[in-house]
1. Sorted from largest to smallest, which semi-axis lengths in Å does the alpha carbon gyration tensor of segment 2-72 give for its equivalent ellipsoid, taking the root of 5 times each eigenvalue?
2. Based only on Cα atoms, what Rg/Rh ratio does segment 36-101 have, Rh being taken as Kirkwood's radius?
3. Please express the Cα-Cα pair-distance distribution P(r) of segment 83-132 as a list of whole percents, one per 10 Å bin, running from 0 to the bin with the greatest distance.
4. Restricting to Cα pairs below 8 Å that are 6+ residues apart, what does the relative contact order work out to for the chain? Please round to a whole percent.
5. If you count only protein heavy atoms with a 1.4 Å probe, what accessible area per residue comes out for segment 21-132, rounded to a whole Å²?
6. What are the chymotrypsin sites (Phe, Trp or Tyr not before Pro) within segment 19-108 that DSSP puts in a loop, where the Cβ has at most 15 other Cβ atoms within 10 Å?
7. Among (i) 0.94; (ii) 1.00; (iii) 0.97, which is the computed Rg/Rh (Cα atoms, Kirkwood Rh)?
8. Amide H neighbours of Arg117 under 5 Å, counting only residues 5+ apart in sequence or on other chains, H built in-plane at 1.01 Å?
Amino acid sequence: MSATGSVLLDTTIVVAHLRGESQLGEKLGEAEILYLPSMVLGELCYGAHRSRSPDKALAQVLAFLRLCMTVAPDETTAQYYGRIKAELAAAGTPIPDNDIWLAALALVEYRVPLATRDGHFAAVAELTVVAW
């Protein structure tokens, strides 16, 4: 899938980009809108605070944030989160809670693909994943 259009970003993509993977810069630059979920921002800030150079890492995160539209779940997303989590539990394929929120945001709120390197998103029915 092409990067053209809008995309919701998973932590794995942003971290890889911040670590200098040049092909990601090109793909991110082609996207119309980069949606950055608040839970991804939280994970990025957590990682920055735990790094050897927290100030530098936080500055990188904040610089990247200027390229994105930060998004957060609402009541509709929460309802869909519950549905996805129940479906995954029934199928015996649980995934981390933060990732269920990402799937719900991509599917319901913004109706965009999710850019990730985590294979467990394949367990979420109807979710379009771009594996950058």
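The values are calculated or read from the model by the stated rules, or taken from the named source; none is laboratory data. Because the structure is a prediction, the values reported are computed rather than measured. Heads up, the Cβs are rebuilt from the backbone with ideal geometry, glycines too, and the neighbour counts pull from every protein chain shown. These area figures cover heavy atoms from the full protein model, side chains too; ligands, DNA and RNA do not enter into them. Shrake-Rupley method; radii C 1.70, N 1.55, O 1.52, S 1.80 Å.
1. Working: eigenvalues 84, 37, 16 Å².
Working from the Cα gyration tensor, I get semi-axes of 20, 14, 9 Å.
2. Numbers: Rg = 15.1 Å, Rh = 13.6 Å.
Ratio of gyration radius to Kirkwood radius: 1.11.
3. Per 10 Å bin, starting at 0, the Cα pair percentages come out as 27, 61, 11.
4. Details: 177 pairs, mean separation 37.4, N = 132.
Worked out over the chain, it gives 28 percent.
5. Numbers: 6220 Å² over 112 residues.
Ligands and nucleic acids excluded, the result is 56 Å² per residue.
6. Details: sites: Tyr35, Tyr46, Phe64, Tyr80, Tyr81, Trp101; in loops: none.
Those that pass, being in a loop and sparsely packed, number zero.
7. Correct label is (iii).
8. Answer set, sorted by chain and number: Thr12, Ile13.
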